[in-house]
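Reading through the structure tokens given below for one structure.
Each value in this text was obtained by applying a stated rule to the coordinates, not by laboratory testing. The model shown is predicted, which means the values in this text are computed figures rather than measured ones. With ideal geometry, Cβ positions are generated from the backbone for all residues, glycine too; neighbour counts draw on all protein chains shown.
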Amino acid sequence: MKPASTRTPACAISQPVSLADRLKSRARDLGFDAVGVAPATDAWPAGARLDEFLREGRHGDMDWMDQDRRAHPTKLWPEAKSAIVVGQSYAPEADSLSLLGEKRRGLVSAYAARRDYHEVIKGKLKQLAQWLAQQSGADVKVFVDTAPLMEKPLAERAGLGWQGKHTNLVSRDHGSWLFLGAILSAAALEHDPPHDDHCGSCRACLDICPTSAFPAPYQLDARRCLAYLSIEHKAQIPLVFRQAMGNRVFGCDDCLAVCPWNKFAAAAHETRMALRDDLRLAPLAELAALDDAAFRARFAGTPVKRTGRDRFVRNVLVAIGNSGDPALAGAAEARLHDSSPLVRGMAVWALRRLLDADAFARLKSAHAPGEGDAGVGEEWDA
């Protein structure tokens, strides 16, 4: 009689949990909605696409978009072997496109009408990086949109989603509403497969753009993008794009909001970055009256503050001009002698749009531009 086998069945042998899997579990414990690992050393086409973008001048005023260190993760840190990419949902509950009809109120992009995501994500990401360094014994570096690292191509490589035709990341679980952060590690971690493109024949994001900022699918000309023009652009908003701005005073969500993959996105749950209604859609007359101190106080701790009061109020006056409401002419007239020529120029444009020809002529006579008012005089004489 043969003795009973003491051999453990193969199915009952517990497999060791990899460091990458434990890392992902830790990331979810910290509240991140998505996490993946990509190799940091593989060749990729993102550098060539960036080079074309810069050669075409499509970056506009964004001179900080240097090619040398941004082209590949190892250009930034030669010791990097793995990239850990995390995503934090900021999906709004309200339909952003419906808010474009609130012509007497200034619309702030969903990402910005809340506490600055850099602060919240970086705090959690540092905790994750410290844990990884302790577990792996390898050096790490943390990035949250604060260094020349292309997070979106890395996120695609890490399996979080794919870069859609609007050039932003699209997730099957979170749509177009993901903040990204990354850790570069000198440890060679098990990595995830890159995500496939699931845009198919859809071109909703391309067709909705009010300024035709996409020369082709997967290409963006920032110089035509309302997000760029309202946030990064330092001069007056070009005349050809002013009406298209509508009531947008900071950023533009149109190409994100129309994405059909958003139907799978649940409203964001990170309470420290809750969307604030008082910042999202405020009365234009109230916003136009902000001086520098009031602007800083109102938008303290949010992404809006970085743009500065003058550019923000410039945008508000464009929105006032687009409102079609003569009752807002007083708010614009109050800015005719503002210290900023950006503000004064857009106040003139707004008043030209709101007043009849006789009323505008009387105003021009009473508020003739002085010497050295470059650009503002052109608005009066347009």
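Below are the figures for this structure:
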| read-out | value |
| --- | --- |
| Burial order of peptide ranges 71-79, 173-181, 92-100 (average beta-carbon count within 10 Å, highest first) | 173-181, 71-79, 92-100 |
| Cα-based equivalent ellipsoid of the chain: semi-axis lengths in Å, sorted from largest, via gyration tensor | 48, 20, 19 |
| Centre separation in Å (Cα based) which lies between the stretch 35-82 and the stretch 223-289 | 26 Å |
| Scattering profile of the stretch 171-223 at q = 0.13 Å⁻¹ [log10 I(q)/I(0), Debye over alpha-carbon scatterers] | -0.55 |
| Calculated FRET efficiency for the pair L97/A293, C-beta based, R₀ 51 Å, to 0.05 | 0.90 |
| Per residue, the convex hull volume that the Cα atoms of the stretch 147-198 enclose (Å³) | 84 Å³ |
| Top positive-direction residue, dipole computed over the stretch 71-196 with Cβ charges, set P153, L189, L132 | P153 |
| Highest to lowest packing among 31-43, 49-61, scored as the average C-beta count within 10 Å | 31-43, 49-61 |
| For the chain, calculated [θ]222 nm from helices alone, where every DSSP H run of n ≥ 4 adds -39500 (n - 2.57) | -10000 deg cm²/dmol |
| Cα-centre dipole for the stretch 22-150 with unit charges at Cβ (Lys and Arg positive, Asp and Glu negative), debye to 20 | 420 debye |
| Set of lysines with alpha-carbon distance to K152 below 23 Å, sequence-local pairs under 8 removed | K24, K75, K81, K122, K124, K126, K141, K165, K263 |
| Most mobile listed residue (Q219, Q130, Q88) in the chain, GNM with C-alpha springs under 10 Å | Q130 |
| Convex hull per residue volume in Å³, alpha carbons only, for the stretch 291-382 | 97 Å³ |
| Rg to Rh quotient for the stretch 209-368, alpha carbon positions, Kirkwood Rh | 1.00 |
| Two-site label geometry, A204 and A300: point separation in nm, points 7 Å out along Cα→Cβ | 4.0 nm |
| Farthest positive-ward along the stretch 241-382 dipole, Cα basis, beta-carbon charges - from G345, A359, N247 | N247 |
| Trypsin sites (Lys or Arg not before Pro) restricted to the stretch 139-209 and DSSP loop, no more than 16 other C-beta within 10 Å | R172, R203 |
| Calculated over the stretch 172-277: convex hull of Cα atoms, volume per residue (Å³) | 182 Å³ |
| Alpha carbon convex hull of the stretch 215-265, projected area averaged over orientations, nm² | 4.5 nm² |
| Aspartates and glutamates whose Cα lies under 16 Å from that of K305, excluding same-chain neighbours fewer than 8 positions away | D116, E119, E232, D278, D291, D292 |
| Stokes-Einstein D (µm²/s) once Rh is taken as the Kirkwood radius of the stretch 68-152 over alpha-carbon pairs, at 25 °C in 0.890 mPa s | 156 µm²/s |
| Percentage relative contact order, the stretch 33-158, counting C-alpha pairs under 8 Å, at least six apart | 37 percent |
| The chain - percent relative contact order, Cα under 8 Å, separation 6 or more | 19 percent |
| Per-residue HN-Hα couplings for the stretch 31-45 [Karplus 6.51, -1.76, 1.60; θ = phi - 60°; Hz; x = Gly/Pro] | x, 6, 8, 8, 7, x, 10, 10, x, 8, 9, 5, 5, 8, x |
| In the stretch 89-153, chymotrypsin sites (Phe, Trp or Tyr not before Pro) in a DSSP loop with at most 10 other beta-carbon atoms within 10 Å | none |
